[in-house]
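Student: Mind having a look at this structure? Questions to follow.
Each value in this text was obtained by applying a stated rule to the coordinates, not by laboratory testing. Predicted, not measured: the structure shown is a model, and the values here were computed from it. All Cβ positions, glycine included, derive from the backbone under ideal geometry; neighbour counts span all protein chains shown.
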Amino acid sequence: MEGSEMENHLINRNSRSESVVYGCIKNIVTDDLNRHRFHNRDAMQALPSAETWCLVNREMFSLHDPGVADFSLNTEVVHFGASYQGVEHEWRCWLEQFESLLRKMYWVSATVHLETEMSGLHSFVFATDGAGHQPDQSDIQIRCEWVRDLG
């Protein structure tokens, strides 16, 4: 790239507000672990593809083989993450789609981190009203923590 072309590229690149969303969903290992894993995997696989421009999509989740389990561990963790162009402007919609997924799954807690260039880091912690969430059976509470880097 030549001088002015490079300058325009950098201006365009910097004018875009990139947001990063990442986190995990935790479930406790139980006697029904394989059934829970298959059920949760099916719920994530049923999400729309990223090609549909759906904010919460199946490609953002790291899905492992549900038949492989380490029964010496007490917690199963599903990781997820994606980058977006200014998702904070559609954050309510993102949260609604994520909560819709959680309502279909077995889990004990979920944490979502939203990093934005404009307003720093927001962490959202999802909890249930009981020992663990069962599909379509318990309420979901959400707590938000905001951390802003002043440096």
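Student: Give me the tail of P(r) for the stretch 18-147 as a percent: Cα-Cα pairs with distance above 24 Å.
Tutor: 27
Student: Which of CYS93, PRO135, PHE124 sits closest to the plus end of the dipole of the stretch 90-151, meaning its Cα is farthest towards the positive end, when Lys and Arg get +1 and Asp and Glu get -1 on the C-beta?
Tutor: With unit charges placed on the Cβ atoms, the residue in question is PRO135.
Student: So for the stretch 18-147, taking the charge dipole from beta-carbon charges (+1 Lys/Arg, -1 Asp/Glu), which of TRP146, SER109, SER83 sits furthest toward the positive end?
Tutor: Checked the options; the winner is SER109.
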